[in-house]
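To keep things clear, I will list the structure first and then write my remarks on it.
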Amino acid sequence: MKSKIKNKLVSKSIIFCLLFLFVASTTTYAVEESTAELFQYHRGQDVFFMFMLVAFLMLFIKKFEWGVCLVTLLTLSVAFPLYVIIQRNLFDFSLGIELIITGIFCAITLIIAAGVIFGHVKIWHFIPLGILFVPGYILNEWFLFSYLEGVADSGGSILVHMFAAYWGWGVILALQRRDVNQAEMNATTHSISFVWLASMLLWVLWPSFTTSLLPTDLIITGMTTTYLALMASTLTAFLVLKWIKGELDPLIYTYAILAGGVAIGSTVDLVGPGTAWLIGAAGGIISVLCFLYLDDWLANKTNLTDTMGVNNLHGIPGIFGGLMGIPFAGSVQIYAIAGGIIIPLVTGLIAGIIVKIFEKPQLLLDDAEIFDINIDLERTQQM
Amino acid sequence: MKSKIKNKLVSKSIIFCLLFLFVASTTTYAVEESTAELFQYHRGQDVFFMFMLVAFLMLFIKKFEWGVCLVTLLTLSVAFPLYVIIQRNLFDFSLGIELIITGIFCAITLIIAAGVIFGHVKIWHFIPLGILFVPGYILNEWFLFSYLEGVADSGGSILVHMFAAYWGWGVILALQRRDVNQAEMNATTHSISFVWLASMLLWVLWPSFTTSLLPTDLIITGMTTTYLALMASTLTAFLVLKWIKGELDPLIYTYAILAGGVAIGSTVDLVGPGTAWLIGAAGGIISVLCFLYLDDWLANKTNLTDTMGVNNLHGIPGIFGGLMGIPFAGSVQIYAIAGGIIIPLVTGLIAGIIVKIFEKPQLLLDDAEIFDINIDLERTQQM
Amino acid sequence: MKSKIKNKLVSKSIIFCLLFLFVASTTTYAVEESTAELFQYHRGQDVFFMFMLVAFLMLFIKKFEWGVCLVTLLTLSVAFPLYVIIQRNLFDFSLGIELIITGIFCAITLIIAAGVIFGHVKIWHFIPLGILFVPGYILNEWFLFSYLEGVADSGGSILVHMFAAYWGWGVILALQRRDVNQAEMNATTHSISFVWLASMLLWVLWPSFTTSLLPTDLIITGMTTTYLALMASTLTAFLVLKWIKGELDPLIYTYAILAGGVAIGSTVDLVGPGTAWLIGAAGGIISVLCFLYLDDWLANKTNLTDTMGVNNLHGIPGIFGGLMGIPFAGSVQIYAIAGGIIIPLVTGLIAGIIVKIFEKPQLLLDDAEIFDINIDLERTQQM
């Protein structure tokens, strides 16, 4: 009888333990799932916020402020729904928070690319450009994460930043419009203060971008590495600019502080805090050097203007960020980077060839192209 | 003996199952509850953010920028505490996150309504107006969600947007002040750039407004429908304005892009993504047509000025949004819309009659009414 | 036999109950922990957002807008990593969300302190100042929360606001540079509109600051008290300024509306809604009176300029907020306040003595000190 009771107690306690583990794990998992999704709502919304801020990062040309905002809104309203339609109908993705986030990633890549193209086309041309952009972007996404396996790029150095820069360059290489080289780009204190605002808020929201698709337990890690990389580029960009030039060009500095965020993209979840700082520091230095030297060299070589200097913040620092993933991902990372240059260049060239059929812009980088500017007291009183 | 054991095992397993379900459901529920509330903190805060952005949406009159900000702050600090006091003491609501959110809904309705009234009264009159506003708003809230049953309006097309427009119109109909028709409303590039910023960030935060009181499992749905509706109005507002006028009035466009968010308010949790896009698209078209045609017609008819054109963004698109709820809510929706016009008009008229006892403003839409403007270098050097 | 079954049932049900409580509590706890941390991500990020907004709160000097932004970025990229390194290596804190939040608290205290010091030093001097700041801040933090026990200061009235004001004053007392008294500080409408934007968004985000280190169940309470305190100061600052001066100085008003948030810092989790409103109301009145009277008195007494009037918003309202904690914390609160004046003054004096070895600034409060201002069309066409 005793042994029977004992047996029973043992079996009972085992059942209890199993039950407990089962209940605990299931419940925790279920909650984690729904909590994580709720939580992703805000990181996703932050990326929409960043999308809009990219417009203000490019707002320094006083007579072309509204135009930048307009293009930003138009590209979003074309590219996002098209991306969602293709992914749902052709590739069977369901319409949840993940698709919303990958969709805004697509749109943010397009608006960064637009920075290369401003002035090369008319404002409404960004609607066909947006339509042409999405299939190329989806091809690249498929190449990086479905065709290749094990690519390190959680924070989008290759997927977003490199694609943006080289798709934009593909378009302007096809268009071959040299008038932009002489376009007036006058700024004022306050147009540049909007750029400071945008840059500083993009800085703050950057971890939501790099961690938006990470598993829950890596989010704080990603926040730490992203902020440390940004702090490093903020410091090194200052030191290098001051050391080389003696004084700061506010437009170079407001852009280069973000290079740490671009550079940490591929390794945001893989490196420790010290390494993150070093990657960001190198990103800041590289970006400043690109703005100071590579930009002119490329403009002379191609006789074309990368209007917002996208290659200096997103292109080269993006490649550098991708390379930092090699110790973790191995040789596949090299294929990813190679594809991340070739695919956007080719699809950008095709898009450029197509939009070349439309008429050239007459007014370059000027709100008067499409807006009623008589509403502006100062503009109508000259200036 | 065997059957006994069997019996026992069966009963035990049933108890276990019940226990499991009970524990699982309770635990999940408890967690969901507290998680949802934590999560609501941020959606609530986003609505406060939107409240402040409404000020910047109305910042285009260069000599009346600070005044708009001041009125925004004053209305909030009067209306919110009064709303909370009334709801706690007269209607026994407890002071939690739900009451904070319904309170900021009340305040945001008031600041939208202020857009109709600017220039018709002095700045400090918005303090008594705020006090008079709250009881009317609470009456409307009670009519829609306690007196009527089953009204579809989770995202506030009727509760917020329609009430704002028609309460404001009630006030100016009572005041009958025609000087505003001639008031100067000069803008500059940068005052309009603030409007772009506000409009684009309101766009981003809009899902937090429409989903702030939705149950947890409908939040991602609401985010999807809201963003798609906004993308649609952003696109159609552009196309319609360009098609009719040839060029864009930046003030019409920055407002009309938000009409999709207004229009989706009643059906944010009820429609699929395609329908949401169509509702938003119609909202954008309707809003542009109101700005282009209805605005003048109404101004001629009444000889009064809706200073910020609130009827064109919130009034008519709000009614349209409310009508979209009919297939889901049935005839009760029609009573809701009727009440949503009559209640604000009548309570607004009463408020207007009361504040008419105060003196008329001398300086219209001018910071100099209340601010020391000598601090502004440019203003003192003329301009 | 019956009694045996009964016994068994009783014991079983007791075990069940215990099991249930255990599972429920454990599971809830586990989830709460991870949920709370996820949730802290966003409150932490909000504090980074506020950090950047402090720059725009000080952007009213048109020819010194970019400089303020630059100092803001430099102080962050120096102070935050240094704080994290010291806390990890000397005091064994682990690098998680708590350390990220206490780190940005340190940085935000420094940038507020910089408001006292602007113009007294060159821009790059803020790098050594940032390095000197961190040890003093950590000493104060240790004094308040490790040496003393039971200090009421969840929202940082003493830790952040008082320390910022008196450390800044320590530095300028050591430097004794009187040129700043004559420095030009011309504003324009739009430079002040940036201040409105910053102030109104700081207002909105303030609860994330005061609740960022609170336990989960006190967050909604803290949000309520913080918002009510801010509404109160927004109203009383208006009434007092209007009553005393007849018209509003926009720079005093945009600052004083935040005094409620400063004043509620020590009691954010301890008082009810009515008391919170009263504390905020008093904070607003005190801040306005400091701007109107104490500021001049102090400037005459010391012959030094508190450039951004930090003592009027953070210093005195911070002391007031600290005093409000006495009913809850008792006499330890008085030691905390005394230490919260002495420690920053002494460590600030030491920092000031050290940076005095560097050359004096030639251009005061002028972007031309370090920026290429030829990029600004208006500035080069005089202005």
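The values are calculated or read from the model by the stated rules, or taken from the named source; none is laboratory data. Predicted model only: the values in this text are computed from it and were never measured. Here the Cβ is made from the backbone with ideal geometry for all residues, glycine too, and neighbour counts use every protein chain on show. Surface areas here come from the heavy atoms of the whole protein model, side chains and all, with no ligands, DNA or RNA. Shrake-Rupley method; radii C 1.70, N 1.55, O 1.52, S 1.80 Å.
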**Message:** Which count do you get for residues in the stretch A:162-179 that are surrounded by fewer than 21 Cβ atoms within 10 Å (Cβ to Cβ) and assigned to a helix (DSSP H, G or I)?
**Reply:** 3
**Request:** Pick out the one residue from A:Ile334, A:Ile319 that is under 22 Å from A:Gly136 (Cα atoms) and free of Cβ contacts under 8 Å to residues at least 24 places away in the same chain.
**Result:** A:Ile334
**Message:** Quick check on the stretch C:180-195: of everything there that is farther than 12 Å from C:Leu251 by Cβ and in contact with a Ser or Thr (Cβ under 6 Å, 6 or more places away or on another chain), which residue is surrounded by the fewest Cβ atoms within 10 Å (Cβ to Cβ)?
**Reply:** C:Asn181
**Asked** Would the stretch C:180-190 turn up any residue that is within 11 Å of chain B (Cβ to nearest Cβ) and free of Cβ contacts under 8 Å to residues at least 12 places away in the same chain?
**Response** yes
**Asked** Given the structure, is A:Leu76 open to solvent by 30 Å² or more (accessible area, probe 1.4 Å) and either under 15 Å from the mean Cα position of the chain (by Cα) or on the phi < 0 side of the Ramachandran plot (or both)?
**Response** no
**Asked** Condition test on A:Ala152, is it more than 14 Å from every other protein chain (Cβ to nearest Cβ), touching a Leu at 6+ places or on another chain (Cβ under 9 Å) and more than 30 Å from A:Ile131 (Cβ to Cβ)?
**Response** yes
**In the stretch B:312-330, the residues that are within 20 Å of the chain's Cα centre (by Cα) and open to solvent by 10 Å² or more (accessible area, probe 1.4 Å)** = B:His314, B:Ile316, B:Ile319, B:Phe320, B:Leu323, B:Met324
**Asked** Out of the residues in the stretch A:217-228 that are within 10 Å of chain C (Cβ to nearest Cβ) and open to solvent by 40 Å² or more (accessible area, probe 1.4 Å), which is modelled with the highest pLDDT?
**Response** A:Thr221
**Request:** Filter the stretch A:223-242 for residues that are under 14 Å from C:Thr72 (Cα atoms) and of a type in the set (Val, Ile, Thr) and give the result.
**Result:** A:Thr234
**Breaking point among (1) at pLDDT below 95; (2) closer than 28 Å to C:Ile97 by Cβ; (3) assigned to a helix (DSSP H, G or I); (4) more than 8 Å from chain B (Cβ to nearest Cβ), for C:Leu213** = (3)
**Asked** Which one of these does B:Leu248 not meet: (1) more than 20 Å from the chain's Cα centre (by Cα); (2) open to solvent by 10 Å² or more (accessible area, probe 1.4 Å)?
**Response** (2)
**Prompt:** Got a sec? Which of C:Leu159, C:Leu205 is part of a helix (DSSP H, G or I), away from chain B (no Cβ under 14 Å), within 18 Å of C:Gly103 (Cβ to Cβ) and open to solvent by less than 30 Å² (accessible area, probe 1.4 Å)?
**Reply:** C:Leu159
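When you check A:Phe143 against the structure, is it away from chain C (no Cβ under 14 Å) and closer than 20 Å to A:Asn311 by Cβ, yes or no?
no
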**Prompt:** Checking B:Ala256 against (1) away from every other protein chain (no Cβ under 13 Å); (2) crowded, with 24+ Cβ neighbours inside 10 Å; (3) farther than 24 Å from A:His42 by Cβ, which test does it fail?
**Reply:** (1)
**Unmet criterion (only one of (1) within 14 Å of chain A (Cβ to nearest Cβ); (2) touching a residue at least 40 places away in the same chain (Cβ under 8 Å); (3) among the charged types (D, E, K, R)) for B:Asp269** = (1)
**Request:** Identify all residues within the stretch C:259-274 that are part of a helix (DSSP H, G or I) and either open to solvent by less than 10 Å² (accessible area, probe 1.4 Å) or out of contact with any helix residue (DSSP H, G or I) (no Cβ under 8 Å at 6 or more places or on another chain) (or both); write none if there are none.
**Result:** C:Ala259, C:Gly260, C:Gly261, C:Val262, C:Ala263, C:Ile264, C:Gly265, C:Ser266, C:Gly274
**Complete:** Selection from the stretch B:77-90 of residues free of Cβ contacts under 8 Å to residues at least 12 places away in the same chain and away from chain C (no Cβ under 11 Å) yields B:Asn89, B:Leu90
**Prompt:** Inside the stretch C:237-253, can you point out the residues that are within 8 Å of chain B (Cβ to nearest Cβ) and under 12 Å from C:Val195 (Cβ atoms)?
**Reply:** C:Asp249, C:Pro250, C:Leu251, C:Tyr253
**Prompt:** Only one of (1) open to solvent by less than 10 Å² (accessible area, probe 1.4 Å); (2) within 12 Å of chain C (Cβ to nearest Cβ); (3) touching a strand residue (DSSP E or B) at 6+ places or on another chain (Cβ under 8 Å) is not met by B:Leu129, so which one is it?
**Reply:** (2)
